[in-house]
Amino acid sequence: MVKVMLVGNGAREHAIAEALVNGGAELRAFMNKKNPGIANLAKGNFRIDNLENFEHASSFGKDCDFAVVGPEAPLVVGIANAFESAGIPCVGPAIDAAQLEGSKIFTRNLLKKYNNPMNIEFSTFTSMNEIPAYIDKLGIENVVVKPDGLTGGKGVKVFGEHLHSKEDIFTYCKEIFTQGGHVILEEKLDGEEFTLQTFVDGKTILPTPLVQDHKRAFENDEGPNTGGMGSYSMENHLMPFIEKKDVDFALANMKKAIDALKQETGTAYKGFLYGQFMKTRKGIKLVEFNARFGDPEAINVLPIMTTNFVDICRGIVDGTLNKMKAEFKKVATVVKYLVPAGYPDKPAANAPIKVDEKGIAGIGARYYFASVNQKDDGAIVTSSSRTIGILGIAETIDKAEIISEKGTAFITGNLYHRKDIGTKKLLQKRIDHMKKLK
Ligand code: AMP
Ligand code: GLY
């Protein structure tokens, strides 16, 4: 039996764990809190530790055939390198390659140097000096400010949404410099976003169905940005406003970026590569790369994959994806996240939740534990981030939405969710937005 070490304990990792076990793997889980779903799939073979303690992780996984790393944080500080040194092949990029997520400045510069057409206008700064002139060049209403480095999806500030004056932009840039960071200013894109998640073995890149996430906390896309409140995918694996040629363009240019990365750093990208794109008047543009699967977007694609996920992971580490195809059922999916009251600003942590497993199974929904902790007495409590994702799968998005929405009723706790994700009304809003742009 193939032994696989999984690092991470969110809902993304719960979905990865399920796909590994369904693919025939014996699972060993390295987590920082006890996710009861993953602990069960690992048949109790888990360890609670700091995910960035590479020594512990390597010794816990030492006789595994390979490791799969879920979250970005350990990747950008080199967990894949540590595993490789310990003789454990890793699904997840080495430190140089993980810069595609770890440094927005690195990535924009790489795309620029190689004339990648999905790149946008940007400039990088280490002090305030040149910032006013660049704001004038872009036009103030066209400015997006980002700190370099990982921010858990919460560091980006967009003019007109989070920033409303030159003063606001200066204040935020100064705040970033005070914390020792570097600033990247880039052109503000207008359009509809989509996520393209891929498997990469260094040379070959295989796509999975497109997904759209919902970043805003409240219904109708209002409220603060979050890690993602839920997501959907369509039965044709596209989006209602994205065509096959758009996907082909995005995929071809992701491949160019991986080739450029190899050329620049000598390091081959091996793992999952997540492209966040926006379809704009000027074409398909890259918003960002992530060096991992999305959360919740992993939950839209892994459960409907018909190709054995363990074989795909082997293909990634062995560099043999060119001989494989990743195939998926022609079905739609909707994920809704239940999150603690007060999330994301003041999440009610340590609050008990209950899952009516039979009720959920009875309506054909599935659940994926995210930021929770299971106590010794079996009680499950919330933590400070998203709590549990409910997945509906059906032949149409309408039906998938109903299943996922109904599923949320089988979870009790001080939680809330967005009822509008996957609904006709919200989908229509996206389609209308795209039409208006054209
Ligand atoms: P990121 O952390 O780069 O994914 O950014 C988080 C969110 O900020 C994205 O999903 C977009 O909605 C928004 N965003 C990031 N960059 C831009 C941009 N250049 N123009 C408009 N919106 C952006
Ligand atoms: N849901 C957005 C992300 O995983 O980055």
Checking residue 300 against (1) within 13 Å of ligand 2 (Cβ to nearest atom); (2) within 21 Å of residue 97 (Cα to Cα), only one condition comes out false. Which one? (2)
Note down all Cβ pairs under 6 Å where the first residue falls in segment 178-207 and is crowded, with 20+ Cβ neighbours inside 10 Å, the second is among the hydroxyl-bearing types (Ser, Thr, Tyr) and not in a strand (DSSP E or B), and they're at least six residues apart or on different chains. 185/134; 197/208; 200/269
Which members of segment 279-307 meet the condition of being free of Cβ contacts under 8 Å to residues at least 40 places away in the same chain and either under 24 Å from residue 147 (Cβ atoms) or away from ligand 1 (no atom under 16 Å from the Cβ) (or both)? 306, 307
Which listed residue, of 237, 214, is buried (at least 20 other Cβ atoms within 10 Å of the Cβ), within 16 Å of ligand 2 (Cβ to nearest atom) and farther than 21 Å from residue 281 by Cα: 214
Considering segment 127-165, residues that are charged (D, E, K, R) and in a loop (DSSP other than H, G, I, E, B), and then whichever is farthest from ligand 2 (Cβ to nearest atom), we arrive at 130
In contact (Cβ under 8 Å) with a residue 60 or more places away in the chain, hydrophobic (A, V, I, L, M, F, W, C) and part of a loop (DSSP other than H, G, I, E, B), is that true of residue 105? no
For residues that are in contact with a Phe, Trp or Tyr (Cβ under 9 Å, 6 or more places away or on another chain) and not in a loop (DSSP other than H, G, I, E, B), scanning just segment 362-381, find the one that is nearest to residue 10 (Cα to Cα). 367
When you go through 346, 435, 406, 354 one by one, which is the residue that is surrounded by fewer than 17 Cβ atoms within 10 Å (Cβ to Cβ) and either of a type in the set (Gly, Ala, Ser) or under 24 Å from residue 233 (Cα atoms) (or both)? 435
State the number of residues belonging to segment 221-232 that are at negative phi and part of a loop (DSSP other than H, G, I, E, B). 3
So, residue 284, is that one crowded, with 18+ Cβ neighbours inside 10 Å, among the aliphatic types (A, V, I, L, M), farther than 21 Å from residue 23 by Cα and under 22 Å from the mean Cα position of the chain (by Cα) or not? yes
Checked segment 233-286 for anything touching a Phe, Trp or Tyr at 6+ places or on another chain (Cβ under 7 Å), among the β-branched types (Val, Ile, Thr) and either within 19 Å of residue 91 (Cα to Cα) or part of a loop (DSSP other than H, G, I, E, B) (or both); matches are 258
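For (1) under 18 Å from residue 344 (Cβ atoms); (2) crowded, with 17+ Cβ neighbours inside 10 Å; (3) more than 15 Å from ligand 1 (Cβ to nearest atom), each residue gets a yes or a no:
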{"residue": "126", "(1), (2), (3)": "no, no, yes"}
{"residue": "132", "(1), (2), (3)": "no, no, yes"}
{"residue": "140", "(1), (2), (3)": "no, no, no"}
{"residue": "148", "(1), (2), (3)": "no, yes, no"}
{"residue": "164", "(1), (2), (3)": "no, no, yes"}
{"residue": "169", "(1), (2), (3)": "no, yes, no"}
Considering only residues of segment 290-328 that are of a type in the set (Lys, Arg) and in a loop (DSSP other than H, G, I, E, B), which is surrounded by the fewest Cβ atoms within 10 Å (Cβ to Cβ)? 325
Enumerate the pairs (first residue in segment 265-278 and closer than 13 Å to residue 118 by Cβ; second residue anywhere and among the basic types (Lys, Arg) and in a strand (DSSP E or B)) with beta-carbon separation below 8 Å, excluding pairs fewer than 6 apart on the same chain, so at least 6 apart or on different chains. 277/285; 278/285
Six or more apart or on different chains, Cβ atoms under 6 Å: show the pairs whose first residue is in segment 41-69 and crowded, with 17+ Cβ neighbours inside 10 Å and whose second is among the polar types (S, T, N, Q) and in a loop (DSSP other than H, G, I, E, B). 51/32
Matching option when the condition is under 30 Å from residue 402 (Cα atoms) and within 16 Å of ligand 1 (Cβ to nearest atom), among 224, 240, 209: 224
Kindly list the number of the only condition in (1) closer than 25 Å to residue 279 by Cα; (2) small (Gly, Ala, Ser); (3) more than 14 Å from ligand 1 (Cβ to nearest atom) that fails for residue 180. (1)
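For every residue, the table says whether it meets (1) of a type in the set (D, E, K, R); (2) surrounded by fewer than 20 Cβ atoms within 10 Å (Cβ to Cβ); (3) at pLDDT 95 or above.
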position: 84; (1), (2), (3): yes, yes, yes
position: 88; (1), (2), (3): no, no, yes
position: 95; (1), (2), (3): no, yes, yes
position: 109; (1), (2), (3): no, yes, yes
position: 143; (1), (2), (3): no, no, yes
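The values are calculated or read from the model by the stated rules, or taken from the named source; none is laboratory data. Predicted model only: the values in this text are computed from it and were never measured. Cβ sites come from the backbone with ideal geometry, for glycine too, and all protein chains shown count toward neighbours.
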